[in-house]
Amino acid sequence: MSELPGFTLPSVFDNPKGWGPSNSKPTNIFSEIPYIPFSKGDKVTRVANWINPNENRDARDGGRGRRQRDAGHQAYGSGTAAAFVYAADEDEESFSLVDNRGTAMRKIAVRAVQGGPRSGNAGGARGHGRGGMQRLGQSNNRFGGFRRRYGWRDGAAAQRSASVIAADDWKEIQEIQFSRMRDLSFDAGDAEDVGMYGTTGVWDPALDRLSMRMDKAITASPVPRFNVSASDDPVLAQIAEKNPRVRVLATDAVVAALMAAMVSNSAWDVVVNRVGDRVFFDKRDGGPMDFAPVNENASPPPPSEAKDASSINGAAMLAREARDTTRSLIAQSTASKTIELERKNPFSDEEEKDFNAYRYRTFDLSAQEGEKPCLMAVRTEVDGLTAEKSPRQLFIRALTQHDISATGAGGALDWRTRLDTQRGAIMATEMINNAGKLARWAFQALLSGADQIKIGYVVRAHPRDNSRHTVLGFQSYRPLEFIANLGLSEYNAWGIIKALVDLCLDLDEGRYVIMRDPNNPLIRIYSVPPGTFDETNEKPKEGEDADNDDEGNMI
């Protein structure tokens, strides 16, 4: 009797974070095949799509409002379609189209382009008289109120100021457009825990039942929560000393800001110190990394000019108010019980006490097995734990609403009257007005390994009083779920970090600055003299106090 033929099952690599092969377990079969990533939520309607998504879709569907509906929305993975587009080898500029229409047809085409009607009621002239005439200043847009209310951006964008002015002795060495960053992708794999430091609190489950009628006043004072730069962190220095593979050191606030670079509208800067074989991603004390802006993506944003510096609805005062409110909210929501973590807080002493808890982790940024190992050590924050047998780590933040009639409110609904019935619409509006800040929070929670994000809706007790606040409710998200709701990609975020790390490792030893251009979608990298931004050399800007932030904290 002949033996039956054998069958060997092929090895299958699971990718729980998305579709397609994973970079953490590469296979040689697909190494030379171009691949377009796509989301699990995409609706697949074609077996093969030969249409370039970058083409003008209005030309295919004859208009029908596609330009307005699709403006600003890009299909996931459409930026990588260039790998599949045919490119002609020969120059085709010498070819030109010849108009072979008759004279009568050409006249009709010219009249249609110019908007001239063939009759008194044609060409959209209805309601404005013959010829489509319209009074000066009168708009025929029926959706103007809807756009202003729900965050549509009409009109010229407001001119913003840079976070730091480039000096004459600064040398620009690189300019990176956001369009080049959109196609980056990298899988950092699972993080490795190094240790947990400090003391954290236990979440009060009664806060999950808050509502408009059962709100709670915030009475806790904003306790000090330090945000020490990576170069001054003794634990990061110990990690790098023990493990020579650690070549990048940073904090979660800085890494999250780089990950969310394409979403942010406000200006920011990161100080890069290239020392030996390592790179430190640092921040400036009192700089934009210590404050999360409020309504930075709103149109128009809160006023940020020097004359508005003392206004409670100005950008600077709103950012400080949001930081202090989040500190108070974390302290009050986790005051029921305290838990000592593995080791003591590295920044607390007899004179000053840091109420933060930290979790140090390392991420593998090595792209290939043969490449020189490169680990990134990151200090992340632990805001609280749940009261369970297996406690879940929490990432707690406060969304604040000031005066909804002030400039920069972004057309937000009144949370006091709409939160219980229209929470989805409120969060959708916040995802427009605070897209950059929410993206930072999402990536910070991802870096810290938090199991849940808890966002509190906080309003002022009175719109003109920024010292008393009330929390109306909380909303919980899983980090990956929140990132997907924001329309972001974890792979693209790690691709940005990987590209910047490789670029900085190739630089010569010295100090550099990564700046987000305030008015253009790009970042610039400058080489600056040694000692720039040191406390002895740094001078405050005009109209800014020298001790802008004596605690150096970013919430």
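Things to note:
- Accessible surface calculations at 1.4 Å, restricted to protein heavy atoms, place region 183-341 at 39 Å² per residue.
- Mean sequence separation of contacting Cα pairs (under 8 Å, at least six apart), scaled by the length of region 185-296, corresponds to a relative contact order of 22 percent.
- A simple spin-label model places pseudo-atoms 7 Å from Cα toward Cβ; at T338 and A425 they are separated by 4.4 nm.
- Take every Cα pair under 8 Å whose residues are at least 6 apart in sequence, average their separation, divide by the length of region 253-330, and the relative contact order is 22 percent.
- Residue ranking by accessible heavy-atom surface, 1.4 Å probe, largest first, among R209, R359, R245 comes out as R209, R245, R359.
- Heavy-atom accessible surface of region 159-218: percent carbon and sulfur, 1.4 Å: 45 percent
- Within the accessible area of region 334-465 (1.4 Å probe), percent carbon and sulfur: 46 percent
- Cα centroid separation, region 482-502 to region 366-426: 16 Å.
- Inter-site label distance for S476 and T407 at 7 Å from Cα along Cβ, in nm: 4.2 nm
The values are calculated or read from the model by the stated rules, or taken from the named source; none is laboratory data. On a predicted model such as this, the values are computed, not experimentally measured, just so you know. Note that each Cβ is placed from the backbone with ideal geometry, even for glycine, and that neighbours are counted across all protein chains shown. Heads up: the accessible areas ignore ligands, DNA and RNA and are worked out on the full protein's heavy atoms, side chains in. Shrake-Rupley method; radii C 1.70, N 1.55, O 1.52, S 1.80 Å.
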